[in-house]
Amino acid sequence: EVDLGSISFLNNDRLKECVEKSNAAPDQIAEAARINSETRLRAPKTGFIVLAGLSPLALVPRGWLPDCRPGQISAESKSKKA
């Protein structure tokens, strides 16, 4: 009786309001609230873990950058103009 076509995170109070309109038993409502709480906590944790795992890939293009020291580029451009 739950619309799975438009799933979004709900707080537990809103979820209980929606589920109480159905003919669900009180233990089913409590279980739905527990699952909702766990899922709301697991989603950001999973996202952060995935981003942390992908972040070392940013080092790959670093090898393609030229080796320049601070101040070196401006000194070379001045000598080429003269």
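List of remarks:
- Hits in segment 21-54 (condition: assigned to a helix (DSSP H, G or I), of a type in the set (A, V, I, L, M) and out of contact with any Leu (no Cβ under 7 Å at 6 or more places or on another chain)): Ile29, Ala30, Ile35, Leu41, Ala43, Ile49, Val50, Leu51, Ala52, Leu54
- Segment 22-37: number of residues that are closer than 11 Å to Asn12 by Cβ and exposed (fewer than 12 other Cβ atoms within 10 Å of the Cβ): 2
- Residue tally, condition at pLDDT below 85, among the small types (Gly, Ala, Ser) and in a helix (DSSP H, G or I), over segment 55-73: 1
The values are calculated or read from the model by the stated rules, or taken from the named source; none is laboratory data. Treat the numbers as computed from the prediction; the structure is a model and nothing was measured. Glycine also receives a Cβ, built like all others from the backbone with ideal geometry; neighbour counts cover every protein chain displayed.
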